[in-house]
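Encoded as structure tokens, the structure appears first; notes follow it.
The values are calculated or read from the model by the stated rules, or taken from the named source; none is laboratory data. What you see is a predicted model; the values in this text were computed from it and never measured. Cβ placement follows ideal geometry from the backbone for every residue including glycine, while neighbour counts extend to all protein chains displayed. Accessible surface areas use protein heavy atoms only, side chains included; no ligands, DNA or RNA. Shrake-Rupley method; radii C 1.70, N 1.55, O 1.52, S 1.80 Å.
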Amino acid sequence: MITKYIIATLTLFASTALAQTSSSAPSPSPSAPTFESSGRVETKMFIPEDLMRGSLHTVGEQAENDGLLNTYFLYSGDDAFEVTTGIALRTRIRELYAIDKLRAMSQTDEFAKAMANAGRQKVQSVVGLVEDPFGTIKRVPMGASRFFGRIGEGLKGGRTEGEGNMVQSVMGISKAKTTLAVKLGVSPYSYNQELQHQLTINARAIAGGGLVVSAATAAVGGAAGDVISVLNVNQTLQQTLVNSTPDDLRILNRKKLFSLGVTREDADALLMHPWYSPWTETILVDALSNIGVDPTAFLADACKALTEQDAIYFERLAQILARYHVGKAKLRAIHVESRAVCARDTNGTLVFPLSCDYAIWSEHAAGRVAELLALAQGQDEIKGLALWVDGKVSDRAAQELKNREIDLATKVLDKQQ
């Protein structure tokens with residue numbers, strides 16, 4: 001997905017061996033630069049042991065790395081799925097267990113009685129979602145090939161797929177759905193069709209029929225985990241996400257963007273974007289608000305997202321920049337340079353945020369470094385370059401960056417603020 005344009009933050013200077021002369025033999029040709037190759041990597045390097053297997057799933061021992069992102073192989077029953085990025089893998093696993101719990105809930109006598117109390121109202125289908133809950137991202141081309149222009153107005157809409165409708169909101173179903181989703185460790189705005197269906201029918205039974213969800217029924221431990229805990233947000237924002245309606249969140253986000261100097265048009269481009277769920281846009285806007293500088297250039301790039309994973313990517317970039325702002329040095333401006341989001345701090349360092357699984361020193365990555373180095377040359381206001389990454393970087397890539405005096409920090413969102 002975000003793989004090719006993120007590579008815009010790595011670096012290169014091909015080193016060549018000095019030709020040595022000899023009176024008895026011709027000088028050898030300069031040696032060609034060597035690079036790391038994409039291919040299979042050990043999953044255990046990136047995924048904790050308790051996530052590798054569970055009662056409903058196993059994860060393949062090897063993943064496919066393309067130079068930046070990992071594609072993992074997830075198995076559940078007779079089904080096998082390819083899931084790109086560790087973030088998406090954790091999401092899919094949580095959803096597997098949540099769906100299993102929800103199906104079990106809907107087969108109980110208590111559920112049947114609750115639906116009878118609710119008047120056996122027909123559950124409205126979720127329009128526009130794919131039938132294959134794991135294929136949403138897989139079938140959409142990923143990477144820089146999509147990032148060539150702003151999404152047209154015809155593709156924008158006021159609601160993302162998982163938000164429900166006005167009838168559901170009035171009946172209290174949306175609130176019940178959010179509460180239930182959080183208990184199960186999933187997002188109420190997931191694009192997973194089966195999860196949305198199961199959440200909606202059970203929320204209807206809760207809101208309209210009085211179905212009581214026991215702690216034992218709702219608890220999803222082990223591999224599923226807690227969706228709030230992996231969002232890298234503080235407790236105040238957690239409560240805002242859980243207790244606010246989508247419309248409430250958009251009002252809050254719009255106010256924050258206006259306070260940063262963003263125009264109404266640019267604010268609406270993000271807040272009405274179909275691939276940014278209420279939670280994703282709220283986390284992104286909160287991070288930008290914490291930085292406190294005009295994010296218009298950032299938003300212009302973020303609005304080019306054409307998949308859910310693109311939206312998550314920009315959410316992570318905003319969080320990385322906010323973490324730098326709080327933990328390293330204050331940021332004074334956010335730009336897009338050499339086709340990559342970056343920010344300049346008060347010390348003159350140009351900071352590039354990167355969201356990836358495992359960045360290696362590939363030929364493509366190396367070539368982009370030269371562009372970044374050239375970008376800094378001749379600009380007196382740029383005193384240095386920094387790369388802040390939420391994933392891992394190979395030892396070779398780390399050394400190459402160090403050789404070029406590029407400051408590197410990895411797994412930056414895993415560290416406590």
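Before moving on, here are some points about what is shown:
- Matching residues in region 182-195 - criterion: being assigned to a helix (DSSP H, G or I) and surrounded by 24 or more Cβ atoms within 10 Å (Cβ to Cβ): Leu184, Leu195
- Residue in region 61-70 that is buried (at least 19 other Cβ atoms within 10 Å of the Cβ) and touching a Leu at 6+ places or on another chain (Cβ under 8 Å) present: no
- Close pairs (9 angstrom Cβ cut-off, 6 or more residues apart or separate chains): among the basic types (Lys, Arg) in region 226-253, at pLDDT 90 or above anywhere: Arg250/Leu271; Arg250/Met272; Arg250/Pro278; Arg250/Glu281; Arg250/Thr282
- First in region 339-350 and under 15 Å from Thr296 (Cα atoms), second anywhere and open to solvent by 30 Å² or more (accessible area, probe 1.4 Å) and of a type in the set (Lys, Arg), Cβ under 7 Å, 6 or more apart: Arg344/Arg332
- Considering residues of region 281-314 that are farther than 19 Å from Arg339 by Cβ and not aliphatic (A, V, I, L, M) only, the residue modelled with the lowest pLDDT: Glu308
- Candidates Leu270, Leu257, Leu231, Leu252 - the one that is at pLDDT 95 or above and under 19 Å from the mean Cα position of the chain (by Cα): Leu270
- Failed item, numbered, when Gly367 is tested on (1) part of a loop (DSSP other than H, G, I, E, B); (2) closer than 28 Å to Thr71 by Cα: (1)
- Exclusive hit being closer than 29 Å to Lys183 by Cα, part of a helix (DSSP H, G or I) and either touching a strand residue (DSSP E or B) at 6+ places or on another chain (Cβ under 8 Å) or of a type outside the set (D, E, K, R) (or both), set Leu257, Leu237: Leu237
- Of residues in region 263-280 being out of contact with any helix residue (DSSP H, G or I) (no Cβ under 6 Å at 6 or more places or on another chain) and without any contact (Cβ under 8 Å) to a residue 60 or more places away in the chain, the one nearest to Thr179 (Cα to Cα): Asp268
- Being surrounded by 18 or more Cβ atoms within 10 Å (Cβ to Cβ) and touching a Leu at 6+ places or on another chain (Cβ under 8 Å) is a property that holds for Ile406.
- Residue in region 273-285 that is under 13 Å from the mean Cα position of the chain (by Cα) and charged (D, E, K, R) present: yes
- Residues being of a type in the set (Val, Ile, Thr) and open to solvent by 10 Å² or more (accessible area, probe 1.4 Å) - total across region 293-333: 4
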